[in-house]
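Colleague: Sharing a structure with you now.
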Amino acid sequence: QLPLVRCACSRKATADAAPSSPSWETSKLRSASSIAATTSTSSVPMAALTLPQCILYVLGLPLASGLLIVRNRDRLQDDAQFKRRFGLLFKGYRPEREWWEVVVALRKVAIVAVGTFGSLLGVLSLQAMVALVIVFLSIVAHLVAKPFDVYQQKTRRLHVLECVGLAVAWGTFWGGLC
């Protein structure tokens, strides 16, 4: 039987169901935290299922969408059905930069990987530094590649919003170092 851990906001339910001593709640929390989540026999099949799925979804989908855009470059502007079906991947970008969404997706994957696996580096400031480097390189790549047409009003807004979003991300990670 698993111990029940109640929310602190439902004090009346806790008071009705259990003795009012704080040691009762503390002992239940200790016993709940000592339950093992997985065993060594279940971690190998779990990893065998999880790792290919992570690779397929995290890297496979952005790369497949980039391949779709590059292979159908001649259909991007003319084919209405293709535009309607896959326009989310390339609309708003300059004609030479339709594949830029792949760069954005891989940048997001890199930031999530730093957030997830960065604790393995051992030093929290090093994790924030790696994230800062990724965002800084993303800002430089965005300003050099200019994926949006800055001469049109609608896409100029996209350019500014992307720059502001990257600057906010950089400031957030910089604040993590302080």
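Colleague: Output yes when any residue across region 32-43 is of a type in the set (Val, Ile, Thr), under 27 Å from the mean Cα position of the chain (by Cα), assigned to a loop (DSSP other than H, G, I, E, B) and at pLDDT below 75, and no when none is.
Modeller: yes
Colleague: What pairs come up if the first residue lies in region 153-178 and is under 30 Å from VAL123 (Cα atoms) and among the small types (Gly, Ala, Ser), the second is open to solvent by less than 80 Å² (accessible area, probe 1.4 Å) and part of a helix (DSSP H, G or I), and their beta carbons are under 7 Å apart, counting only those six or more places apart or on different chains?
Modeller: Matching pairs, first to second residue: ALA169/VAL135; GLY176/ALA128.
The values are calculated or read from the model by the stated rules, or taken from the named source; none is laboratory data. The shown structure was predicted, so the numbers you read here are calculated from the model rather than taken from an experiment. Heads up, the Cβs are rebuilt from the backbone with ideal geometry, glycines too, and the neighbour counts pull from every protein chain shown. To get the accessible areas, we keep the full protein, side chains included, count just its heavy atoms, and leave off ligands, DNA and RNA. Shrake-Rupley method; radii C 1.70, N 1.55, O 1.52, S 1.80 Å.
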